[in-house]
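A short write-up of the structure that comes next.
The values are calculated or read from the model by the stated rules, or taken from the named source; none is laboratory data. In this text, all values refer to a predicted model and were calculated from it rather than measured experimentally. Backbone-built Cβ (ideal geometry, glycine too); neighbour counts: all protein chains shown.
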Amino acid sequence: MKTTLLLASAIILAAGSYAAPQVTIGKTTLVGRDVTGLQQDFFGGIPFAEPPLGNLRLKPPVLRTQLDQATFDASNFGPGCLQPNVPVLNVPVPPVSEDCLTINVFRPSNLPADAKLPVLFWVYGGGFQQGASAMYNGSAIVAQSVVRGTPLIYVNFNYRLGPLGYPQGQEAANQGALNLALKDELAALEWVQQNICAFGGDKTKVTVFGESAGAIMNAILFLNSPLDKLARGAILESGSQATSTNFGPQRRENDWQNFVAGVSSCASLALSGNTFDCIRQANSSEILTGLLDAINEAPEEFAFDPTIDGPGGLYPDIPSRLFAKGQFARLPFISGTNLDEGTLFIPPTINSEAEIHAFIVANFSPPLVQPSALESAADRILQLYPDIPALGSPFNTGNDTFGLSSQYKRASAIQGDIGFHSQRRFWQQTASQAGVKTWGYLFTQPQPTNPPFLGISHGSEVLYVYGAPQDTSPSSLKISALMIDYWVSFATSLNPNDGKGLQRPVWEQYTPSNERVIQLNGDNTTMIPDTFRKEQMDFINSIPAVFLHRRDV
């Protein structure tokens with residue numbers, strides 16, 4: 001499922017009957033549009049960096065806080081960044097371009113310039129190789145914020161994807177070109193610092209939130225970036241620092257070579273270690289072909305992940321080693337996972353214990369320990385996750401295997417715990433022990449529109465946060481509204497319990513003496529102990545070097 005991306009419904013904006021809203025930045029008037037049926041303004045497609053083309057390709061973004069024209073048409077989103085053209089949830093990928101580093105704003109209408117509203121800043125997911133801001137409609141969030149008396153501004157942006165956003169290999173390291181998409185996010189946040197006041201926003205009250213790859217990016221920025229100067233809080237949906245595998249640049253040298261080999265004018269240089277100059281001279285059509293080839297030929301599901309970039313970098317070391325040194329920002333945050341995080345990433349055709357063992361070894365090789373330690377860990381994992389369907393994922397489905405091998409449920413439980421649940425718990429425990437205010441959740445709302453074997457899968461919560469669940473039952477609509485209230489409450493007060501909006505259970509803070517998370521379920525939203533599968537996750541977190549979650553000192 002290399003091209004899987006779970007998205008909110010496509011944005012639908014239409015011109016209203018009112019004069020188009022306008023905002024002035026520097027010497028430029030941005031002309032936006034009304035959001036139909038709502039008292040909201042939309043401004044989109046605003047460049048926040050110079051186009052990353054030609055000599056700026058494969059370089060950090062060059063911040064662009066002002067434009068060089070008198071009037072700018074901000075009535076629509078800009079194109080997404082280059083990516084595979086594969087629709088998901090019936091949402092088509094928008095037009096794409098390399099000139100894609102743009103930012104968008106939803107705000108309540110008729111805001112005075114000095115309104116100083118809090119800002120909720122979204123980072124999309126998509127495995128670091130898909131996604132676009134145009135796929136996420138923030139209007140329901142803004143509307144509910146107004147109704148509850150705590151209005152806010154919603155912002156999202158595009159970041160570079162695949163080998164353009166996360167170049168791999170030694171040459172990329174030598175060129176200082178690692179983790180460019182993380183730098184795109186920092187540039188977009190800097191644009192907010194420079195310009196959001198013109199829209200009625202408060203630059204001191206920015207909360208970053210994101211899902212999957214977006215959550216991972218936000219979490220990584222806790223490690224060694226100026227995030228604490230650009231935001232005051234974070235919401236991490238299904239993603240922690242070590243959710244993606246933590247390799248150095250050399251591990252995926254072949255993926256970079258595949259990219260260059262797919263760029264026709266540079267193919268002869270693919271193995272040379274001297275490819276950047278040629279790639280910067282190629283045209284965008286060639287670049288897109290190379291990007292698609294590299295993604296399709298990669299031996300891993302997600303080959304263009306964030307990369308350990310060493311001392312002074314944004315991702316200087318294995319996360320838990322930095323945790324042990326106390327090297328992370330002290331921003332308040334919410335972090336949570338969905339019940340069945342692993343189901344989406346396991347092939348339904350898996351049918352043997354040997355395949356699971358091989359899957360574990362392949363994904364975590366080369367290990368930071370002796371290969372025998374990885375083999376031993378894989379054996380122990382298989383003991384802790386026995387071939388008993390009632391214990392597998394999707395959880396709480398008894399002995400039903402949905403016509404698949406029982407090994408599918410077993411592998412899904414393992415995958416979800418290693419990548420998502422254990423790392424959310426580890427990060428939350430670490431932060432709370434350092435005195436950081438944090439709140440945890442487990443999303444368990446049933447998903448009747450999912451194939452049954454996926455359960456409450458990775459990405460299921462996104463549509464709820466955006467007020468557009470596919471399931472429109474009373475229970476589903478209720479938890480969607482409650483989640484928006486919790487999210488908005490946190491963004492406006494740094495606490496999900498502001499007492500405003502819908503009546504809802506108190507979400508207890510996660511502390512060393514109160515390791516509890518809230519179960520988000522329309523029929524039973526309640527606090528639960530954060531002890532599910534404790535033995536299994538304690539084992540995973542006890543040998544972090546094996547699972548690339550840390551390097552032992």
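Out of Phe359, Phe333, Phe328, report the one residue that is of a type in the set (Phe, Trp, Tyr), out of contact with any Pro (no Cβ under 7 Å at 6 or more places or on another chain) and within 30 Å of Asn521 (Cα to Cα).
The unique qualifying residue is Phe333.
Being aliphatic (A, V, I, L, M), assigned by TED's automatic domain parsing to the domain that holds Phe43 and modelled with pLDDT under 95 narrows it down to one of Val105, Val96, Val88, so name that one.
Val88
Looking only at the range 468-485, decide whether some residue is among the basic types (Lys, Arg) and within 30 Å of Thr204 (Cα to Cα).
no
Mind counting the residues in the range 382-411 that are under 27 Å from the mean Cα position of the chain (by Cα), closer than 14 Å to Arg533 by Cα and not in a loop (DSSP other than H, G, I, E, B)?
Total satisfying the criteria: 1.
Taking the condition in contact with a Pro (Cβ under 7 Å, 6 or more places away or on another chain), assigned by TED's automatic domain parsing to the domain that holds Gly210, closer than 23 Å to Pro94 by Cα and among the hydroxyl-bearing types (Ser, Thr, Tyr), does Tyr166 pass?
Yes.
Looking for whichever is under 22 Å from Thr204 (Cα atoms), within 19 Å of the chain's Cα centre (by Cα) and touching a residue at least 12 places away in the same chain (Cβ under 8 Å) here; the options are Phe106, Phe121, Phe128. Which one fits?
Phe121
Could you check Ala378 against (1) at pLDDT below 95; (2) loosely packed, with under 14 Cβ neighbours inside 10 Å; (3) under 28 Å from Phe304 (Cβ atoms) and say which number it fails?
Failed condition: (2).
May I ask you to list the residues in the range 421-455 that are among the charged types (D, E, K, R) and within 19 Å of Phe209 (Cβ to Cβ)?
Residues satisfying the conditions are Arg424, Lys437.
Have a look at Phe426, Phe364 and point out the one that is modelled with pLDDT of 95 or more and aromatic (Phe, Trp, Tyr).
Residue meeting the stated conditions: Phe426.
Out of the range 267-299, which residues are within 15 Å of Pro163 (Cβ to Cβ) and more than 30 Å from the chain's Cα centre (by Cα)?
Matches in the range 267-299: Ala267, Leu269, Ala270, Cys278.
Hey, can you tell me all the residues within the range 296-331 that are farther than 28 Å from Ser225 by Cα and crowded, with 17+ Cβ neighbours inside 10 Å?
Ala298
So which strands (runs of 3 or more DSSP E) stay within the range 144-245 end to end and still have 1 or more residues that are without any contact (Cβ under 8 Å) to a residue 12 or more places away in the chain and under 15 Å from the mean Cα position of the chain (by Cα)?
Result: empty, no element qualifies.
Any residue at all in the range 105-117 that's part of a loop (DSSP other than H, G, I, E, B) and buried (at least 22 other Cβ atoms within 10 Å of the Cβ)?
The answer is no, given that none of the residues of the range 105-117 is part of a loop (DSSP other than H, G, I, E, B) and buried (at least 22 other Cβ atoms within 10 Å of the Cβ).
Across the range 416-445, what is the total count of residues that are assigned to a helix (DSSP H, G or I) and out of contact with any Ser or Thr (no Cβ under 8 Å at 6 or more places or on another chain)?
6
Please give the helices (runs of 4 or more DSSP H) falling wholly within the range 446-553 in which 1 or more residues are polar (S, T, N, Q) and surrounded by 15 or more Cβ atoms within 10 Å (Cβ to Cβ).
474-493, 534-542
Counting only residues that are in a helix (DSSP H, G or I) and crowded, with 16+ Cβ neighbours inside 10 Å, which one in the range 255-266 is farthest from the chain's Cα centre (by Cα)?
Ranking the candidates gives Cys266 first.
Please verify whether the range 118-135 includes one or more residues that are of a type outside the set (Phe, Trp, Tyr), over 25 Å from Leu236 (Cα atoms) and assigned by TED's automatic domain parsing to the domain that holds Phe199.
no
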